[in-house]
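**Student:** Dropping the structure in here first, questions after.
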Amino acid sequence: MFEFNVIAQSSDSGARSGVIQTRHGTIETPVFMPVGTLGTVKSLSPEELVEAGAQIILGNTYHLYLRPGCDVIDRFDGLHRFIHWDRPILTDSGGFQVFSLAKLAKISREGVSFQSHIDGSRHLLTPEKAIEIQTCLGSDIIMCLDQCIQYPATKAQCREALETTTQWAQRCKQAWQETGNGSNTLFGIVQGGMFGDLRRRSADSLMDIDFKGYAVGGLSVGEPAQMMLEMADVTLPVLPEDKPRYIMGVGTPENLVELVARGADMFDCVLPTRNARNGQMFTQSGTINISNAQYRDDDGPIETGCRCYTCRNFSRAYLRHLYMARELLAYRLNTIHNVYFFIDFVKRMRRAIRSDGFESFRRDFYRRLDN
Ligand SMILES: [Zn+2]
């Protein structure tokens, strides 16, 4: 079960807002999806995620397949019951981690063979296998296996990876149609490196195969921010208006504003969670590092006016103390604020689009950052 409807379109930018319906409930877009790599958004309980306003979380197929393994999750009829989360889940195909984490990833026509980064065991991930694993995980939105490449890469390398990605997308669609139980939906992933013509070609090929949603992969891999936006500029407008557009693994609040302005609907990124554990906190006027000596006796919250549990109850001085002492609570409280910040930030963009005030939101955002 899957449906997407655009309900508001900004009159002076490409920004839009919509509603996605899945078996596990609705998702209002634009949406930020916290990353729950191993079946947990690091340090947060599901209740804390709900309190932060999370509508959907992301799980990583590569990690969950290797540990604890599909046989374990299958005993629970999928991830939802296993991790005690009853809202929608999106899983990636595992491709990105195979190419970035696993050892000796080797591409063939069949798929990609690799060695586990945990115990060195050998595996073969094929498009069919990626669908099988994600179906077993019980995710609501599943992704095609794609070939990710490093940045920078030559045009020939990008073209080859994009052709593999297209062939794999065809096989994923077929496997999904043959084995799917109708409980999830499948998105295609646009590749093409930093070449506009390849990006367009990739999008066209995927649209011929026809998916319920389209993701843009291979961005935010080390390229300059301007180049990322150029790729979004060539890719997003060619994707169908009546399907959700998901930019994978991006990004900073600035990235999110600019990509929403270009018509993107869905985002995921480890930035709020990973940076929280390094003491970097997001605020509307930029980031602060909680370990900074200037917060030693600061009795104010991380951000005045923030409604998160951390800001409602704790001072910068206490958070700095916890962080300096490497107390476990530091990671939790910092993560609660950062995840709340990202979700709330996107929620405010959503509201602005629905009242056709996105451009003033965007101007206001940059004004606060400059202060
Ligand atoms: Zn807060």
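The values are calculated or read from the model by the stated rules, or taken from the named source; none is laboratory data. Please read all numbers here as calculations on a predicted model, not as lab measurements. Virtual Cβ from ideal backbone geometry, glycine too; neighbours counted across all protein chains shown. The accessibility values were calculated without ligands, DNA or RNA, using every heavy atom of the protein model including side chains. Shrake-Rupley method; radii C 1.70, N 1.55, O 1.52, S 1.80 Å.
**Student:** Please tell me if residue 327 is crowded, with 18+ Cβ neighbours inside 10 Å, free of Cβ contacts under 8 Å to residues at least 40 places away in the same chain and among the charged types (D, E, K, R).
**Tutor:** Numbers: crowded, with 18+ Cβ neighbours inside 10 Å: no; free of Cβ contacts under 8 Å to residues at least 40 places away in the same chain: yes; among the charged types (D, E, K, R): yes.
In short, no.
**Student:** When you look at residue 105, is it in a helix (DSSP H, G or I) and either buried (at least 24 other Cβ atoms within 10 Å of the Cβ) or not acidic (Asp, Glu) (or both), yes or no?
**Tutor:** Numbers: in a helix (DSSP H, G or I): no; either buried (at least 24 other Cβ atoms within 10 Å of the Cβ) or not acidic (Asp, Glu) (or both): yes.
Judged against the criteria, residue 105 is not a match.
**Student:** Would you pick out the residues in the stretch 177-217 that are exposed (fewer than 15 other Cβ atoms within 10 Å of the Cβ) and among the charged types (D, E, K, R)?
**Tutor:** 178, 197, 204, 208, 210
**Student:** Considering (1) out of contact with any Cys (no Cβ under 9 Å at 6 or more places or on another chain); (2) of a type outside the set (Val, Ile, Thr); (3) not in a helix (DSSP H, G or I), say which one residue 193 fails and leave the rest.
**Tutor:** Only one criterion in (1) out of contact with any Cys (no Cβ under 9 Å at 6 or more places or on another chain); (2) of a type outside the set (Val, Ile, Thr); (3) not in a helix (DSSP H, G or I) is unmet by residue 193, namely (1).
**Student:** Just need a number here: residues in the stretch 348-370 that are more than 16 Å from residue 286 (Cα to Cα), more than 16 Å from the ligand (Cβ to nearest atom) and open to solvent by 40 Å² or more (accessible area, probe 1.4 Å).
**Tutor:** 5
**Student:** Considering every residue within the stretch 242-260, establish whether at least one is in contact with a strand residue (DSSP E or B) (Cβ under 6 Å, 6 or more places away or on another chain), away from the ligand (no atom under 13 Å from the Cβ), of a type in the set (Ser, Thr, Tyr) and at pLDDT 95 or above.
**Tutor:** Yes, because at least one residue in the stretch 242-260 is in contact with a strand residue (DSSP E or B) (Cβ under 6 Å, 6 or more places away or on another chain), away from the ligand (no atom under 13 Å from the Cβ), of a type in the set (Ser, Thr, Tyr) and at pLDDT 95 or above.
**Student:** Just name the residue that is farthest from residue 49 (Cα to Cα) out of those in the stretch 310-321 that are near the ligand (Cβ under 8 Å from one of its atoms) and surrounded by 15 or more Cβ atoms within 10 Å (Cβ to Cβ). First the steps, then the outcome.
**Tutor:** Step one: of the stretch 310-321, the residues near the ligand (Cβ under 8 Å from one of its atoms) are 310-312.
Of the ones still in play, those that are also surrounded by 15 or more Cβ atoms within 10 Å (Cβ to Cβ) are 310-311.
Values: 310: 13, 311: 16 Å.
The residue in question is 311.
**Student:** Tell me yes or no: at least one residue of the stretch 196-212 is more than 20 Å from the chain's Cα centre (by Cα), modelled with pLDDT under 95 and in a helix (DSSP H, G or I).
**Tutor:** no
**Student:** Restricting the stretch 145-172 to residues that are assigned to a loop (DSSP other than H, G, I, E, B) and either among the polar types (S, T, N, Q) or in contact with a Pro (Cβ under 7 Å, 6 or more places away or on another chain) (or both), which is nearest to residue 198 (Cα to Cα)?
**Tutor:** My answer is 154.
**Student:** Name the pairs: first residue in the stretch 330-347 and near the ligand (Cβ under 10 Å from one of its atoms) and open to solvent by 10 Å² or more (accessible area, probe 1.4 Å), second residue assigned to a helix (DSSP H, G or I) and not hydrophobic (A, V, I, L, M, F, W, C), Cβ to Cβ under 7 Å, at least 6 apart or on different chains?
**Tutor:** Once the first residue is near the ligand (Cβ under 10 Å from one of its atoms) and open to solvent by 10 Å² or more (accessible area, probe 1.4 Å) and sits in the stretch 330-347, its partners that are assigned to a helix (DSSP H, G or I) and not hydrophobic (A, V, I, L, M, F, W, C) give 336/48; 336/309; 336/310; 341/272.
**Student:** Inside the stretch 332-371, can you point out the residues that are among the polar types (S, T, N, Q) and out of contact with any strand residue (DSSP E or B) (no Cβ under 7 Å at 6 or more places or on another chain)?
**Tutor:** Step one: of the stretch 332-371, the residues among the polar types (S, T, N, Q) are 334-335, 338, 355, 360, 371.
Within the stretch 332-371, 335, 355, 360, 371 qualify.
**Student:** Pairs needed: first member in the stretch 222-237, of a type outside the set (Lys, Arg); second member anywhere, open to solvent by 50 Å² or more (accessible area, probe 1.4 Å) and in a helix (DSSP H, G or I); C-beta distance under 8 Å; at least 6 residues apart or different chains.
**Tutor:** Pairs found: 225/254; 234/200; 235/200.
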